[in-house]
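Since every read-out is calculated from the coordinates, none of them should be taken as a lab result. The shown structure was predicted, so the numbers you read here are calculated from the model rather than taken from an experiment. Every residue, glycine among them, receives a Cβ derived from its backbone with ideal geometry; neighbour counts consider all protein chains shown.
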Amino acid sequence: MHTDSACEVRCLHPEAVQRATQALEAEPDLIGMASLFAAFGDPTRLRLLLALQIEPLCTCDLAVVLGVSESAVSHQLRTLKSLDLVESERRDRMMFHRLTSTITEALSAVARSHVVGSLTSAEAA
């Protein structure tokens, strides 16, 4: 049975396999990279990150924006803080959260461009 992604004949290309294997072995932090992409793979976390691109928000505000409980926001923030994507600051009795770098803006811009480009290509076909 053949699929769109399967070769019709089995034929290895040893030099190409060796180059790809060496490149993967040389990659210093595959686990860290996978964790970063996993953070963007969860719709609630992605929405949280996109909301914080606009401006720092407190936990209560994030809960309203996301339509989830403050507890759920705190849970997602723990994950994002562990990846150094978000930092928090107490102001009086409120906790405000902000992005730690521009990586979120960069990754979301690339993703948005890819999705829009894919949709445009599919519509043209």
Study note, to complete from the structure: Burial-style ranking of 36-47, 103-114, average other-beta-carbon count within 10 Å with highest first, yields 36-47, 103-114
Point to revise | Residue-averaged [θ]222 nm for the chain, counting only DSSP H segments that reach four residues, each worth -39500 (n - 2.57) | key: -20500 deg cm²/dmol
**Study point:** Percent of C-alpha pairs per 10 Å bin, the chain, short to long
**Key:** 11, 30, 25, 20, 11, 4, 0
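If a helix is a whole DSSP H run, which ones in the chain reach 15 Å or further along their own axis (Cα) and hold a mean Kyte-Doolittle hydropathy of at least 0.5?
On the way: long enough: 14-26 (18 Å, -0.43); 30-41 (16 Å, 1.95); 43-54 (17 Å, 0.88); 70-82 (18 Å, -0.62); 103-124 (31 Å, 0.64).
Both cut-offs are met by 30-41, 43-54, 103-124.
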Point to revise | In range of the label at residue 83: residues from the range 100-123 whose backbone nitrogen is under 16 Å from the point 7 Å along Cα→Cβ | key: 100-112
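Which FRET efficiency value, to the nearest 0.05, is calculated for residue 34 and residue 70 with the Förster distance at 35 angstrom and r the Cβ-Cβ distance?
Working: r = 29 Å, r/R0 = 0.82.
Once rounded, the FRET efficiency stands at 0.75.
Output the peptides 64-76, 90-102 sorted from most to least packed, where packing is the average of other Cβ atoms within 10 Å over each peptide's residues.
Numbers: 64-76: 14.8, 90-102: 12.5.
Going by the mean number of other Cβ atoms within 10 Å, highest first, we get 64-76, 90-102.
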Point to revise | Relative contact order computed over the chain (Cα-Cα under 8 Å; 6+ residues apart), in percent | key: 20 percent
